[in-house]
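The values are calculated or read from the model by the stated rules, or taken from the named source; none is laboratory data. These figures come from a predicted structure and were not determined experimentally. Neighbour counts run over all protein chains shown; Cβ positions are idealised from the backbone, glycine included. The accessibility values were calculated without ligands, DNA or RNA, using every heavy atom of the protein model including side chains. Shrake-Rupley method; radii C 1.70, N 1.55, O 1.52, S 1.80 Å.
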Amino acid sequence: MTKRMTPQEIFEHSDFVKEADVPWQKLYAMVHGLLTETDEWRMLRTYNTLFLYNIQAEGTVSVTVIDAEKPEEFPKNLKEALKAFKKAGIKHIIYNAKGRYIQQLVKKLGYKVTDKVLSRDENGVVNFQGDIYV
(Lines give C-alpha, C1' and ligand atoms only; values in the text may rest on other atoms or scores of the structure.)
Protein backbone atom coordinates (compact mmCIF):
# COMPACT_ATOMS: atom_id res chain seq x y z
CA MET A 1 0.00 0.00 0.00
CA THR A 2 1.22 3.49 -0.79
CA LYS A 3 1.84 6.23 1.74
CA ARG A 4 -1.34 7.98 2.86
CA MET A 5 -1.31 11.44 1.30
CA THR A 6 -2.95 14.62 2.48
CA PRO A 7 -5.77 15.95 0.25
CA GLN A 8 -3.35 18.63 -0.95
CA GLU A 9 -0.83 15.97 -2.00
CA ILE A 10 -3.55 14.02 -3.81
CA PHE A 11 -4.40 17.13 -5.81
CA GLU A 12 -0.74 17.84 -6.51
CA HIS A 13 -0.05 14.33 -7.85
CA SER A 14 -3.30 13.48 -9.66
CA ASP A 15 -3.54 13.14 -13.44
CA PHE A 16 -6.92 14.92 -13.29
CA VAL A 17 -5.26 18.08 -12.02
CA LYS A 18 -2.25 17.74 -14.33
CA GLU A 19 -4.56 17.48 -17.35
CA ALA A 20 -6.52 20.56 -16.23
CA ASP A 21 -3.41 22.68 -16.98
CA VAL A 22 -4.12 24.82 -13.91
CA PRO A 23 -1.89 25.01 -10.85
CA TRP A 24 -3.00 22.37 -8.35
CA GLN A 25 -3.22 25.02 -5.61
CA LYS A 26 -5.83 26.94 -7.60
CA LEU A 27 -7.98 23.86 -8.21
CA TYR A 28 -7.62 22.81 -4.58
CA ALA A 29 -8.75 26.27 -3.43
CA MET A 30 -11.77 26.12 -5.76
CA VAL A 31 -12.79 22.68 -4.49
CA HIS A 32 -12.18 23.67 -0.87
CA GLY A 33 -14.46 26.65 -1.42
CA LEU A 34 -17.19 24.45 -2.90
CA LEU A 35 -16.98 22.07 0.04
CA THR A 36 -16.97 24.71 2.77
CA GLU A 37 -19.17 27.44 1.33
CA THR A 38 -22.04 25.41 -0.14
CA ASP A 39 -24.11 22.39 0.79
CA GLU A 40 -24.16 21.24 -2.83
CA TRP A 41 -20.78 19.46 -2.90
CA ARG A 42 -19.31 16.80 -0.66
CA MET A 43 -16.20 14.65 -0.66
CA LEU A 44 -15.60 10.97 0.05
CA ARG A 45 -12.06 9.73 0.49
CA THR A 46 -10.77 6.18 0.09
CA TYR A 47 -7.04 5.93 0.65
CA ASN A 48 -5.40 8.31 -1.88
CA THR A 49 -8.49 8.79 -4.02
CA LEU A 50 -10.98 11.63 -3.59
CA PHE A 51 -14.56 11.35 -4.86
CA LEU A 52 -16.12 14.81 -5.16
CA TYR A 53 -19.84 14.50 -5.56
CA ASN A 54 -22.85 16.67 -6.13
CA ILE A 55 -26.35 15.52 -5.24
CA GLN A 56 -28.49 15.69 -8.39
CA ALA A 57 -31.72 14.25 -6.99
CA GLU A 58 -32.72 11.94 -4.18
CA GLY A 59 -30.48 8.88 -4.46
CA THR A 60 -28.49 10.27 -7.42
CA VAL A 61 -25.07 11.92 -7.41
CA SER A 62 -22.59 13.05 -10.05
CA VAL A 63 -18.99 12.21 -9.16
CA THR A 64 -15.58 13.56 -10.11
CA VAL A 65 -12.61 11.37 -9.20
CA ILE A 66 -9.27 12.88 -8.20
CA ASP A 67 -6.82 10.02 -7.86
CA ALA A 68 -3.14 9.92 -6.89
CA GLU A 69 -3.01 6.20 -6.19
CA LYS A 70 -0.97 3.53 -7.91
CA PRO A 71 -3.11 2.08 -10.75
CA GLU A 72 -3.25 -1.35 -9.09
CA GLU A 73 -4.72 0.24 -5.93
CA PHE A 74 -7.54 2.15 -7.65
CA PRO A 75 -9.95 -0.83 -7.98
CA LYS A 76 -9.89 -1.32 -4.18
CA ASN A 77 -10.56 2.40 -3.67
CA LEU A 78 -13.46 2.38 -6.11
CA LYS A 79 -14.95 -0.71 -4.47
CA GLU A 80 -14.80 0.98 -1.04
CA ALA A 81 -16.38 4.16 -2.43
CA LEU A 82 -19.24 2.28 -4.11
CA LYS A 83 -19.96 0.44 -0.85
CA ALA A 84 -19.98 3.77 1.03
CA PHE A 85 -22.32 5.38 -1.51
CA LYS A 86 -24.68 2.40 -1.29
CA LYS A 87 -24.63 2.53 2.51
CA ALA A 88 -25.51 6.25 2.33
CA GLY A 89 -28.60 5.49 0.24
CA ILE A 90 -27.18 6.49 -3.14
CA LYS A 91 -28.60 4.31 -5.90
CA HIS A 92 -27.37 6.07 -9.05
CA ILE A 93 -23.92 7.55 -9.74
CA ILE A 94 -23.19 9.63 -12.84
CA TYR A 95 -19.57 9.98 -13.95
CA ASN A 96 -17.47 11.13 -16.91
CA ALA A 97 -14.38 9.21 -17.97
CA LYS A 98 -11.85 8.86 -20.75
CA GLY A 99 -12.10 5.36 -22.14
CA ARG A 100 -14.08 2.46 -20.70
CA TYR A 101 -11.78 1.51 -17.81
CA ILE A 102 -14.27 2.63 -15.12
CA GLN A 103 -17.14 0.82 -16.83
CA GLN A 104 -15.15 -2.43 -17.09
CA LEU A 105 -13.98 -2.16 -13.50
CA VAL A 106 -17.48 -1.47 -12.13
CA LYS A 107 -18.88 -4.46 -14.05
CA LYS A 108 -16.11 -6.64 -12.63
CA LEU A 109 -17.11 -5.46 -9.12
CA GLY A 110 -20.66 -6.70 -9.80
CA TYR A 111 -22.55 -3.44 -10.31
CA LYS A 112 -24.76 -2.48 -13.24
CA VAL A 113 -23.21 0.22 -15.39
CA THR A 114 -24.09 1.85 -18.70
CA ASP A 115 -22.35 4.56 -20.69
CA LYS A 116 -22.65 6.72 -23.77
CA VAL A 117 -20.12 8.56 -25.90
CA LEU A 118 -19.85 12.27 -25.14
CA SER A 119 -16.98 13.21 -27.46
CA ARG A 120 -13.76 12.13 -29.10
CA ASP A 121 -10.65 14.28 -28.75
CA GLU A 122 -8.07 15.03 -31.44
CA ASN A 123 -6.00 12.00 -30.35
CA GLY A 124 -8.97 9.64 -30.76
CA VAL A 125 -9.59 9.24 -27.01
CA VAL A 126 -13.29 8.75 -26.38
CA ASN A 127 -14.95 10.54 -23.46
CA PHE A 128 -17.91 8.75 -21.90
CA GLN A 129 -20.67 9.63 -19.52
CA GLY A 130 -21.58 6.63 -17.41
CA ASP A 131 -24.28 5.58 -15.00
CA ILE A 132 -23.53 3.20 -12.11
CA TYR A 133 -26.41 1.58 -10.24
CA VAL A 134 -25.54 0.47 -6.69
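For the chain, the carbon plus sulfur part of the accessible surface works out to 52%, probe radius 1.4 Å. Electrostatic tally near I55: other residues with Cβ closer than 11 Å to its Cβ, Lys and Arg +1, Asp and Glu -1, net -2. Checking every one of the GluC sites (Glu not before Pro) in segment 67-104 against DSSP loop status and a limit of 11 other Cβ atoms within 10 Å picks out E72. Taking GluC sites (Glu not before Pro) across segment 1-61, the ones in a DSSP loop with at most 12 further Cβ atoms lying within 10 angstrom of their Cβ are E40, E58. A Gaussian network model of the chain, with springs between Cα atoms under 10 Å, assigns the largest mean-square fluctuation among N96, N77, N123 to N123. The local environment of K18, defined by Cβ-Cβ distances under 14 Å, has a net charge of -4 under the rule Lys, Arg +1 and Asp, Glu -1. Distance between the modelled labels on S62 and R120, one decimal in nanometres: 2.5 nm (7 Å Cα→Cβ projection). Surface exposure of the chain, expressed per residue as accessible area with a 1.4 Å probe, stands at 61 Å².
Remark: segment 74-119 is approximated by an ellipsoid whose semi-axes, taken from the C-alpha gyration tensor as √(5λ), come to 19, 13, 9 Å, largest first. Cross-linked pairs K3/K79; K3/K26; K26/K87; K3/K91: Cα-Cα separations exceed 26 Å for K26/K87; K3/K91. Here's the list of aspartates and glutamates a cross-link from K116 could span, going by alpha-carbon distance under 19 Å and ignoring same-chain residues fewer than 8 apart: D131.
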